[in-house]
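Reviewing the structure listed below.
The values are calculated or read from the model by the stated rules, or taken from the named source; none is laboratory data. Because the structure is predicted, anything quoted here is derived from the model rather than measured. Here Cβ is always computed from backbone atoms with ideal geometry, including for glycine, and neighbour counts include all displayed protein chains.
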Ligand SMILES: CC(C)(COP(=O)(O)OP(=O)(O)OC[C@H]1O[C@@H](n2cnc3c(N)ncnc32)[C@H](O)[C@@H]1OP(=O)(O)O)[C@@H](O)C(=O)NCCC(=O)NCCS
């Protein structure tokens, strides 16, 4: 099946959240959240090198919109149920549609940290990947130094499968190990001996 032909719902809804694809015009809202969260993003995300302008955020949104349309990446914005208040970003990335397999990424706006929104997002995205997209495997990858992210994976029932030692550099240049957490479709392992 050509992934570009896969129909996807307008949004994923949870008790508190509305999760949808990026759309042209989301740039200012995204930019405000990035600026608010800048110190945390700069410390953890390699793409956060320089504070973006509103125009750069709008450009990013439009590229994400195109990638979502062709199913080469599935970036998403997370809003409260009011559909206006931006909470953070997530998405299904680095996919292999043949498996199918996806990696969930996430960051939360500083003023919404520590309230369980990321956990709620990851649970919903995992259900979406395994239910709607037929995922056999969903991964979360994070630095060994990112304990908050590790707690999200563990709270959502992901299993720590491995540790890639000296796998990458942190934004500050420090070497990091990458922890790989995963969930698999249980039925796919029925009868498997290992
Ligand atoms: C990593 C990151 C996404 C974690 O965000 P978070 O707010 O800790 O995650 P959640 O939204 O799931 O909130 C969980 C916290 O809220 C608390 N909480 C409050 N209400 C809750 C609820 N209803 N459900 C679950 N947890 C709740 C939990 O106890 C937990 O606190 P604790 O970790 O101190 O025990 C965030 O720190 C971040 O954006 N960091 C920068 C970017 C980043 O590192 N991204 C990940 C790269 S791999």
*Within the range 138-146, is even one residue surrounded by fewer than 18 Cβ atoms within 10 Å (Cβ to Cβ), within 30 Å of residue 1 (Cα to Cα) and in contact with a helix residue (DSSP H, G or I) (Cβ under 9 Å, 6 or more places away or on another chain)?*
no
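Scan the range 40-61 residue by residue and report those that are part of a helix (DSSP H, G or I) and touching a residue at least 40 places away in the same chain (Cβ under 8 Å).
Of everything in the range 40-61, those that are part of a helix (DSSP H, G or I) and touching a residue at least 40 places away in the same chain (Cβ under 8 Å) turn out to be 40, 41, 42, 43, 44.
Taking the options 87, 152, 118, 78, name whichever one is assigned to a helix (DSSP H, G or I), within 12 Å of the ligand (Cβ to nearest atom) and within 15 Å of residue 16 (Cβ to Cβ). Working first, answer last.
Working: 87 fails: assigned to a helix (DSSP H, G or I); 152 fails: within 15 Å of residue 16 (Cβ to Cβ); 78 fails: assigned to a helix (DSSP H, G or I).
One residue alone meets the criteria, 118.
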*For the range 94-112, which residues satisfy the criterion of being surrounded by 16 or more Cβ atoms within 10 Å (Cβ to Cβ), within 16 Å of the ligand (Cβ to nearest atom) and free of Cβ contacts under 8 Å to residues at least 60 places away in the same chain?*
102, 103, 104, 105, 106, 112
*So residue 129 clears everything in (1) in contact (Cβ under 8 Å) with a residue 60 or more places away in the chain; (2) closer than 17 Å to residue 74 by Cα; (3) part of a helix (DSSP H, G or I) except one condition, right? Which one?*
(1)
_Please verify whether residue 78 is buried (at least 16 other Cβ atoms within 10 Å of the Cβ), modelled with pLDDT of 95 or more, on the phi < 0 side of the Ramachandran plot and under 14 Å from the mean Cα position of the chain (by Cα), treating the condition exactly as stated._
yes
*Which numbered condition residue 160 misses (of (1) part of a strand (DSSP E or B); (2) touching a helix residue (DSSP H, G or I) at 6+ places or on another chain (Cβ under 8 Å); (3) closer than 23 Å to residue 47 by Cβ)*: (3)
*Just one of (1) within 18 Å of residue 41 (Cβ to Cβ); (2) more than 8 Å from the ligand (Cβ to nearest atom) trips up residue 124, so point out which.*
(1)
*If you go through the range 1-39 one residue at a time, how many are in contact with a helix residue (DSSP H, G or I) (Cβ under 9 Å, 6 or more places away or on another chain) and farther than 17 Å from residue 86 by Cα?*
5
